[in-house]
Amino acid sequence: MTAHLPGWGRGTHSEPERGTPRGNPLRRRSDRVQRWAGAFAVVLSLGAVPGVATGVGLAVHRAEMHKVQDAVGSYMVEARLVADAGLRKAARGDDPVAAQVQWKQRDGVVHTARVRVDPGTPVGSAVQIWARPDGTATRVPPTTPSEAVLAGWLTAIVTGAGASGVCYVSWMGFVHLMDRRRYAQWEREWAEAEPGMSGRTHDL
């Protein structure tokens, strides 16, 4: 005579009972929420992040190209300090300070402007500047088209990496919160079910 455990051999576990949902019976609502949130995060990472990085990179490239256009016609020339005004001590010893310089344009006209020089530079010292046709000058070399392209690419890469990092950290925080919620729910359900399963309710 063969012994059977209760519920075995009568087909009760061969298929889900009517009215019960198919699939994993342990799946909770939080699991479904996390699954859909994960799908949204993937779409966001693959779609929005590259779009934002590209937009920011193009904006930086346009800004740098404006500098390139503004610097059209600039050329390097040697100027001379004509006054010591602005050569006072800087906030820090190595900070550049403003000083007045004078140079002759290609058309022979003498121009004067203020540029940044090292503190303590004596009057009459030669200073390399980049002069523009409008008579303005700067110590900063003009931006080239290749530098503008490089600035755009670097900005796009850094922006994309930063946005991806924010998405990843946000996702991990969301998963942590969902796990805490699941653990708390499991503990509540176990606290309700454990007395009946262990028989402690009959010991009163």
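Nothing in this text is a laboratory measurement; each read-out follows from the coordinates by a stated rule. Please read all numbers here as calculations on a predicted model, not as lab measurements. With ideal geometry, Cβ positions are generated from the backbone for all residues, glycine too; neighbour counts draw on all protein chains shown.
Averaged over residues, the count of other Cβ atoms within 10 Å places the peptides 46-54, 104-112, 149-157 in the sequence 149-157, 46-54, 104-112, highest first.
In whole angstrom, region 106-204 maps to an equivalent ellipsoid with semi-axes of 76, 17, 8, each derived as √(5λ) from the alpha carbon gyration tensor and ordered largest first.
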